[in-house]
Amino acid sequence: FLLVFLFSCTSGGAKKVVEDDFDEFEFEFESNEDEEEVEKVPPKDADDFDAEQDESEDDDDEEARDDSDSSDTDDEFDTEEFETPSEGEDTLKSGKEASDLKIEESAVTIKPFFEAYLVEICICLGIALYISNYLLGRTKNTNIAEGWMVHNLPILHSQFVLVGDDGEGEEPTQNHVVRRSENSFTVWASGRINCDGLLVHLELMKRHDLIHVILGLFRPVPDTISFIFQCADGDMDSVITAICPRKTATKMSKEYEDLSKYCSGIRSGEKHNLPSSLSVISETFDSAISVLSGGVAKFLSNHADMLLSLHVTDQYTGLKEEGEESETVTIKKGEKRIHLTFKLPSDLDQTTELLDFALKLLDHVKHIRLSREAKDKATKNRQLVVQEQEKLQHQQRQEAAQQRKEEKKKAEKEKMLEETDADKVRKWEEKEYKKQMKKSQTKMKQMKVRMG
Amino acid sequence: MSNPKRAERAKRFVPVSLVEGPSYGEHINAIGMVFSLVGLLMRLKWATWCGVYCAIFYFANVKSTDDKKQTFSLLMLAVSSLVMVYMQNPTPLIDS
């Protein structure tokens, strides 16, 4: 009960104190109200301000004198205690204090969206630019491929039974350009004498890729068209010949497996009535002459700037495998092929001329007959290559067998090491010992026979 | 020359390996994957943006013989890592 009582007193006391405090506030509020009224008075000039200040000081002195007379009687209100600041000073002080206040800059300055995410916007613009260039470049390449097809369709239909098959579905399609990628298109035609089929490969500039477009400004890459004839066994004699610009001759002779195996040197085109800017790579001199006869040399001379490569071969096995010799040597059967690659002229009408020449070259190669020496040399070369490959294969088989034997021996040894039975281990060691003795004895016998 | 057409020799088209220019598809694909994963795990915005660029380059240079799933998986990875990184920390790439 005492605690409750004390608690009530203290809280009650606190209230009083609070009330007292509030009283003051009320007082202050009232005084503030007075001040507001005063502030409403229109602001005065500085001079009036000073003059007023002097007057107010005089008033104070008078008040002080009056007060002292009446102080004796009224102890409660001691004027010195309550110094009511004069009106001018009050506003002057708050003015000064206000100016001393420094407005701290807030830590997070909130920027507008575009200014803040400027980098992201630039990145997205780059993506949008790339995509729009992709769409434009893609349609341009498609138009070139379709344009070539439209210009050359009559010739293809006059020469081949099947034109434009994509190889899918049961029924062959007609007049179809197969898209391998955004800049690579092929057209297949088949059903003609002297060949199994013609594959026209259009490899155009990568117009759809902005990076290649920019690189193309410094190092232009031409559009190219390749005519690839796949021939059967009776369509071609043993001929390996390639004609290309001098700059790419060494690269080509190393890149293609058949040229690097069968052809020995690179000759200048002048020896075969060709311009000096072209080079000739062939197995024998005779095969080059036979390929370049019948108007072929003349056409190539006229179009030397457009020719990228002409490759006639009966042992085509593609490009040489890069890096070291591949682990397993597989004997690839050479195919009979004619590869003819030109720069694609911008005027598509000129492309029919190239197709005509390719078909004439096909019929010309069919009628090539090598001289006896050239023929013998060619067959001998092919046999040598086959023997070499067989030797390599035999060697590889032996190495594989050797490896298997060693692995078997190693496994047996490990097994014996783990074996706990001493008898077994001893027997195995004896067997091994006998084997080694037998091997060394056979060597001794050979020595005796020689001595005898 | 008489009619050169021979119906008996007509054959369906079989895709053949052709000699083509160098293609950087595989390299860009690998680089794109690395950028996207690094960006996602280490919350690097610039890495995820590089992953998106690589995905777009790869998509543009893909061949018809290439695997379609590979293309879309790289694209999905790049875009999802970009979205995740910005959801975790929406402040701009260069916060000056």
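Throughout, read-outs are computed from the coordinates displayed, never taken from laboratory work. Keep in mind that what you see is a predicted model, and the values were worked out from it rather than measured. Here the Cβ positions follow ideal geometry from the backbone for every residue, glycine too, while neighbour counts run over all protein chains shown.
Being over 25 Å from residue A:296 (Cα atoms), of a type in the set (A, V, I, L, M) and more than 9 Å from chain B (Cβ to nearest Cβ): is that true of residue A:252 here? Quick ask: steps written out before the conclusion?
Values: over 25 Å from residue A:296 (Cα atoms): no; of a type in the set (A, V, I, L, M): yes; more than 9 Å from chain B (Cβ to nearest Cβ): yes.
No, not satisfied.
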Original post:
Taking into account only those residues within segment A:169-209 that are within 7 Å of chain B (Cβ to nearest Cβ) and among the hydrophobic types (A, V, I, L, M, F, W, C), which is farthest from residue A:133 (Cα to Cα)?
Top reply: A:193
**OP:** Determine whether residue A:131 is closer than 16 Å to residue B:62 by Cβ, within 8 Å of chain B (Cβ to nearest Cβ), in contact with a helix residue (DSSP H, G or I) (Cβ under 8 Å, 6 or more places away or on another chain) and assigned to a helix (DSSP H, G or I).
**Re:** yes
Original post:
Going through segment B:28-82 one residue at a time, which ones are of a type in the set (Lys, Arg) and within 14 Å of chain A (Cβ to nearest Cβ)?
Top reply: B:45, B:63, B:68
Subject >> Lone qualifier among A:253, A:279, A:264 - being small (Gly, Ala, Ser) and assigned to a strand (DSSP E or B) >> reply: A:279
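From the residues in segment A:122-135 that are of a type in the set (A, V, I, L, M) and surrounded by 13 or more Cβ atoms within 10 Å (Cβ to Cβ), which one is nearest to residue B:93 (Cα to Cα)? Spell out how you get there, then give the answer.
The first filter runs over segment A:122-135 and keeps only residues of a type in the set (A, V, I, L, M), leaving A:123, A:125, A:127-129, A:131, A:135.
This time we only want the ones that are surrounded by 13 or more Cβ atoms within 10 Å (Cβ to Cβ), so: A:123, A:127, A:131.
Details: A:123: 11, A:127: 16, A:131: 22 Å.
The extreme case among them is A:123.
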**OP:** Name the single residue, out of those in segment A:159-192 being over 23 Å from residue B:54 (Cβ atoms) and touching a residue at least 40 places away in the same chain (Cβ under 8 Å), that is surrounded by the most Cβ atoms within 10 Å (Cβ to Cβ).
**Re:** A:185
Original post:
How do the pairs read when you match residues in segment A:130-155 that are closer than 11 Å to residue A:182 by Cβ with residues anywhere that are buried (at least 17 other Cβ atoms within 10 Å of the Cβ) and among the small types (Gly, Ala, Ser), using Cβ under 7 Å and keeping only pairs 6 or more apart or on different chains?
Top reply: A:134/B:60
Original post:
Out of segment A:226-251, which residues are closer than 15 Å to residue A:339 by Cβ and touching a Lys or Arg at 6+ places or on another chain (Cβ under 8 Å)?
Top reply: A:228, A:229, A:230, A:231, A:235, A:236
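I need the full set of residues from segment A:220-249 which are among the small types (Gly, Ala, Ser), within 14 Å of chain B (Cβ to nearest Cβ) and free of Cβ contacts under 8 Å to residues at least 60 places away in the same chain, in order please. So that I can check it myself, show each step before the final result.
Initial filter on segment A:220-249 (among the small types (Gly, Ala, Ser)): A:226, A:232, A:234, A:238, A:242, A:249.
So of that shortlist, the ones also within 14 Å of chain B (Cβ to nearest Cβ) come out as A:226, A:232, A:234, A:242.
If the condition is that a residue be among the small types (Gly, Ala, Ser), within 14 Å of chain B (Cβ to nearest Cβ) and free of Cβ contacts under 8 Å to residues at least 60 places away in the same chain, then A:234 is the only one that fits.
Which residues, taken from segment B:15-46, are closer than 30 Å to residue A:170 by Cβ and surrounded by 12 or more Cβ atoms within 10 Å (Cβ to Cβ)?
Here is the first cut: in segment B:15-46, the ones closer than 30 Å to residue A:170 by Cβ are B:15-18, B:20.
If the condition is that a residue be closer than 30 Å to residue A:170 by Cβ and surrounded by 12 or more Cβ atoms within 10 Å (Cβ to Cβ), then B:15, B:16, B:18, B:20 are the ones that fit.
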